[in-house]
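Worksheet for the structure shown next.
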Amino acid sequence: MERENFGSKLGVVLAAAGSAVGLGNIWRFPVETGQNGGAAFIIVYLLCVVLLGLPIMMSEFLIGRSTHSNTAGAYRKLAPGTPWKWVGRLGVLSGFVILSYYSVVAGWTAEYTVLAASNYFDGKTTADFPQIFSEFSANPWICTLWMLAFMVLTHVVVVRGVKSGIEKFSKVMMPALFVIILILVVCSVMQPGASKGIEFLLKPDFSKIDGGVVLSAMGQAFFSLSLGLGCLCTYASYFGKDTNLGKTAFNVSIIDSLVAIMAGFIIFPAVFSAGYELNSSDVGPSLIFITLPNVFQQAFGSIPALAYVFAVMFYFLLVVAALTSTISMHEVVTAYVSEEFSMKRRKAAWIVTLACSFVGVFCALSFGPLSGVKLFGLSIFDFFDYVTSNIFLPVGGMFISIFTGWYLDRKFVKGEVTNEGTVRAPYFKAFIFVLRFVAPIAIGLILLNQLGVFAFL
């Protein structure tokens, strides 16, 4: 069965960037920035992207492109008869689990887009927003239907294939995402009192930097770029042999970081304008679905029309960001099922959609009828989130760096990075050094930090 490739270099960059850009850029990065020193955290984060993110991303790229196989098949081809294939299978499992619960959150963004478009938030007080979210997330029918709708939308893109589906979608939606972000940034920074938010993002306070901040920045860089998940490896399997892996990784990292930082320029000027201060409880869904609707109403309350447009565009932005991520995760599993079981893409996509939808229902219901069901003290949704974010992804990223740095033949790795000598790579020795020594140690520290080990030291 002949395998598709991306049709253009632009398609390569936008699709890979779409895989990396997700809700984490918008709801995790601003909070991490707010809690860890503002501009100082951003500087540390960007250093972590360069020192940690780029080498691991390039590793995923070269593993995928060199084999032109799904992430599990790639390791089997490069290391036949060894347990390394389980690294790829872990990526597939991670993609399956994350897609199952991530689609629930994606459905929430769609619901809030509809609520914003109907002007539902107008006139609501600070006390109203927690209740709105609590009632909505606990409603089994609405949450389940939105989750299924988002899964079907994801399916429609994936089933069309690489060129006609993923690449075509990315070429339309990624530029649209940037346009929406730019409009929202302009609206936010022009509000009274917004200058304090801008100063917070641009004026570093290096006294805030300590070991905890560095670990948080490393973790954010790792998760923001979707490393260790298998998405980048799978997408790279559709790269042509002439694709410059270093340049592509750099471009994807730039786009991903820009989205994260610009999200800060949307949120912090509005937060400061509204006289609000983000705290430790303003994380994840709480930030997006409780805090920010309230902030937007307060910040733009003097101009109701602007408050309306801002809210609608912001939640539509979240829909686009979520969709680019669900597509990439669906593709990881679809490519695996199709190639490992010699199945047509359409049939494989349907199997993945139905299986993820089945698990997704339980995740959606974990806020309502199944809220009493606990796995190791966590709800079904929180358990899947914890296991994937804190264990699967760091472990996957660590083994990717070890596999490329230590297992693969150095000449082979250099050949892939330089396109057999046709592309200059003066950074190659540093690249190998990071993969062998820096990345495994750094990811190990991230893993221990995420598991709360340092809290007991």
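The values are calculated or read from the model by the stated rules, or taken from the named source; none is laboratory data. As the structure is a computational prediction, the values presented were derived from the model and not from experiment. When we count neighbours, we look across all protein chains shown, and the Cβ atoms used for this are built from the backbone with ideal geometry, even at glycine.
Does the stretch 323-335 contain at least one residue that is within 16 Å of residue 120 (Cα to Cα) and at pLDDT 90 or above?
Quick first cut of the stretch 323-335, residues within 16 Å of residue 120 (Cα to Cα) only: none.
No, there is no match, as no residue in the stretch 323-335 is within 16 Å of residue 120 (Cα to Cα) and at pLDDT 90 or above.
Checking the condition at pLDDT below 90 and surrounded by 14 or more Cβ atoms within 10 Å (Cβ to Cβ), which residue from 237, 226, 164 passes? Even if it seems obvious, please write down each step before you answer.
Numbers: 237 fails: at pLDDT below 90; 164 fails: surrounded by 14 or more Cβ atoms within 10 Å (Cβ to Cβ).
Just one listed residue meets the conditions, 226.
Restricting attention to the stretch 24-66, which residues are among the hydroxyl-bearing types (Ser, Thr, Tyr) and within 24 Å of residue 324 (Cα to Cα)? Even if it seems obvious, please write down each step before you answer.
We begin by selecting, within the stretch 24-66, every residue among the hydroxyl-bearing types (Ser, Thr, Tyr); these are 33, 45, 59, 66.
Matches in the stretch 24-66: 33, 45, 59.
Condition test on residue 424, is it closer than 18 Å to residue 61 by Cβ, modelled with pLDDT under 95 and not hydroxyl-bearing (Ser, Thr, Tyr)? Before the answer, list the steps.
Numbers: closer than 18 Å to residue 61 by Cβ: yes; modelled with pLDDT under 95: yes; not hydroxyl-bearing (Ser, Thr, Tyr): yes.
Answer is yes for this residue.
In the stretch 122-140, what residues are assigned to a helix (DSSP H, G or I) and under 28 Å from the mean Cα position of the chain (by Cα)?
First, the residues of the stretch 122-140 that are assigned to a helix (DSSP H, G or I): 128-137, 140.
Listed by number, the residues that qualify are 129, 130, 131, 132, 133, 134, 135, 136, 137, 140.
Looking at the stretch 346-391, which of its residues are under 30 Å from residue 442 (Cβ atoms), among the aromatic types (Phe, Trp, Tyr) and crowded, with 21+ Cβ neighbours inside 10 Å? Full working, then the answer.
Step one: of the stretch 346-391, the residues under 30 Å from residue 442 (Cβ atoms) are 375-378, 381-391.
From the residues that got through so far, the ones that are among the aromatic types (Phe, Trp, Tyr) too are 376, 381, 383-384, 386.
Residues satisfying the conditions are 381, 384.
From 33, 67, grab the single residue that is in contact with a helix residue (DSSP H, G or I) (Cβ under 6 Å, 6 or more places away or on another chain), under 21 Å from residue 248 (Cβ atoms) and hydroxyl-bearing (Ser, Thr, Tyr).
Values: 33 fails: under 21 Å from residue 248 (Cβ atoms).
One residue alone meets the criteria, 67.
Can you tell me how many residues in the stretch 71-85 are in a helix (DSSP H, G or I), of a type outside the set (Gly, Ala, Ser) and within 16 Å of residue 396 (Cα to Cα)?
Let us first name the residues in the stretch 71-85 that are in a helix (DSSP H, G or I), namely 71-78, 85.
Okay, now just the ones that are also of a type outside the set (Gly, Ala, Ser), so 71, 75-78, 85.
Next, only the ones that are within 16 Å of residue 396 (Cα to Cα) stay: 71, 75-76, 85.
The qualifying residues number 4.
Taking the condition of being touching a residue at least 60 places away in the same chain (Cβ under 8 Å), of a type outside the set (A, V, I, L, M) and assigned to a loop (DSSP other than H, G, I, E, B), how many residues in the stretch 1-38 meet it? Steps first, please.
So in the stretch 1-38, the residues touching a residue at least 60 places away in the same chain (Cβ under 8 Å) come out as 1, 3-38.
If we keep only those that are of a type outside the set (A, V, I, L, M) too, we end up with 3-9, 11, 18-19, 22, 24-25, 27-30, 32-38.
So of that shortlist, the ones also assigned to a loop (DSSP other than H, G, I, E, B) come out as 3-8, 22, 28, 36-38.
Selection size over the stretch 1-38: 11.
When the residues of the stretch 191-211 are narrowed to those that are in a helix (DSSP H, G or I) and closer than 14 Å to residue 33 by Cβ, which ends up modelled with the lowest pLDDT? Step through it out loud before you land on a result.
Looking only at the stretch 191-211, we keep the residues that are in a helix (DSSP H, G or I), and these are 194-202, 206-208, 211.
In the following step, the residues that additionally are closer than 14 Å to residue 33 by Cβ were identified as 197-202, 208.
On the way: 197: 86, 198: 90, 199: 89, 200: 85, 201: 87, 202: 86, 208: 81.
Within the stretch 191-211, the match that is modelled with the lowest pLDDT is 208.
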